[in-house]
1. Just grab the label-to-label distance for A472 and N124, each label 7 Å out from Cα along the Cβ direction, in nm (one decimal).
2. With a probe of 1.4 Å, find how much accessible area the chain has per residue, and write the answer as a whole number in Å².
3. Within 10 Å, count the other beta carbons around each residue, average over each peptide in 361-367, 377-383, 342-348, 452-458, and list them highest first.
4. Could you give the length gained on full extension between S223 and I38, defined as 0.36 nm per residue of separation minus the Cα-Cα distance, in nm?
5. For the pair T212 and V362, how long in nm is the line joining their label points, each one 7 Å along Cα→Cβ?
6. Report the FRET efficiency, 1/(1 + (r/R0)^6), for I161 and I21, where r is their Cβ-Cβ distance and R0 is 45 Å, rounded to 0.05.
7. Going Cα to Cα from K20, which lysines come in below 25 Å? Please leave out same-chain ones fewer than 8 positions away.
8. Accessible area, 1.4 Å probe, largest first: how do S223, S98 sort?
Amino acid sequence: MISFIICLACLIGGYFVYGKIVENTFAPDDRETPAVKINDGVDYVVMPQWKLFLVQLLNIAGLGPIFGALQGALWGPVVFLWITGGTIFAGAVHDYFSGMLSERNNGASISEVCGIYLGNLMKNVMRVFSVVLLVMVGTVFAVGPAGLIVTLFAKGGVTGILTSPEFWLWVILAYYFIATFLSVDKIIGRIYPLFGICLIIMAIGVIIGIFTNPSYTIPEIWSNFRNMHPNGTPIWSVMFITVACGAISGFHSTQSPLMARCMKSEHQGHFVFYGAMVAEGVIALIWAAAGCSLYEVTGGLSTGLSEILANGQSAAIYDVCSRTMGGVGIALAMIGVIVCPITSGDTAFRSARLVLADWFKVDQNQYQKRLLLCVPLLAAGAIIGHLDYTIIWRYFSWTNQTLAMIVLWTASMYLFREKKNYWITAVPATFMSAVSMTYFFYAPECLGLGTKVAYPVGIILAALFLGIFFYATRKGQNTAKA
């Protein structure tokens, strides 16, 4: 339990110390923000800072920091290190710069931001990449909560249409259509803060349930510093891909521009972007601790957790809630884990609409033009929602971390151009390049070449990307001198 408390303290301290370093490096000023300058009443709407934080937290905190953290706990308490270090030095940095660079470029979508600093080729790649990712995210976060709702009704002895995943999938997609279509302050700005509070209370309830039950003990990192995965799945780089949203997630870079379009001052960025990611890291740490402490360990392997996860994410989340809380507590927790993915899914489709609007220069002030983009996006989500969920999740995870890698390289180029310390983004960019490329060559759903090929190739490609970055910076310096 001591190592959990240390990691929790590091996350909180990281917000105040390293978060301030990141903010000072970017150097926010008092310029007029897009929300004030444009203010179209649809996507550019000024909102108070506390509401920005809670909406941002819900936008980025889908099932990732919950189910992803539970899956990460299969490797044992070593996952605490990735959640803590990844959040402070990579994830929160990534979220801050993706939001603030959008802020500096009139609230542009992340694909347009990447194009500004990495060139037109990367802009077009990112346009396709981000739309595909967003539709997958929206679909994953529709199928997931549909299953959770079915589980909740089934546990209560309900039968009929209310226990049909197909019925709830269409209900959620219908809500997504409404939330994607309406202005940001109509649904998202009004009800998300309440759901954000619910999410925070849920996490607090889980950890209190662990601390107050003498049967549960959070294992120490130093006593279990090994791979505890029952299948022997390697920590590098599968764990770093599995625990995405709880440490670093490229999906967040597609969400940050939504709040960048609603900020009254650039000085709000530290609390809204860096702070929301730290809060998500805390949530992930709590759920990872639950996975490590609630279930049986056999022969040094996380066999008990593996068994419950084999029943599906809905059953696993329900089981954690039932073990740590009862009565009103479990109802609140289940509402939280249903709301989390839904509130990320709708903003995923909303972000996809805005990416397409920026791409094809489609004015979003008129509802007819918003419909033109909403309908095909939700239709694609409905089709993908009927595919194998586990396959969608795997591809989502890799695509997610690859997007994070690209955004960190984008931030590095921005900092270089501004003659600022680009190492705070270049180091995590290089690390995530190694993670993403190693996984691409190792994973069965990708090239499946095994560790002997994937490990060296991943590291070589990460070094190559760093070399390309230095080449581009030297070329930029020579051009500037000429």
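1. The two pseudo-label positions are separated by 1.7 nm.
2. On the way: 17770 Å² over 482 residues.
Each residue of the chain exposes 37 Å² on average to a 1.4 Å probe.
3. On the way: 361-367: 12.0, 377-383: 18.6, 342-348: 27.4, 452-458: 16.6.
Listed from highest to lowest mean packing, they are 342-348, 377-383, 452-458, 361-367.
4. Working: separation 185, 0.36 × 185 = 66.60 nm, distance 5.52 nm.
Contour length minus the Cα-Cα distance gives 61.1 nm.
5. So the label points at T212 and V362 sit 5.1 nm apart.
6. Working: r = 54 Å, r/R0 = 1.19.
So, using R0 = 45 Å, E works out to roughly 0.25.
7. K51, K264, K419, K420
8. Numbers: S223 75, S98 0 Å².
Per-residue accessible area, sorted high to low, gives S223, S98.
The values are calculated or read from the model by the stated rules, or taken from the named source; none is laboratory data. What you see is a predicted model, and the numbers here were worked out from it, not measured in a lab. We place every Cβ from the backbone using ideal geometry, glycine too, and count neighbours over all the protein chains shown. These accessible areas exclude ligands, DNA and RNA; they are computed on the full protein's heavy atoms, side chains included. Shrake-Rupley method; radii C 1.70, N 1.55, O 1.52, S 1.80 Å.
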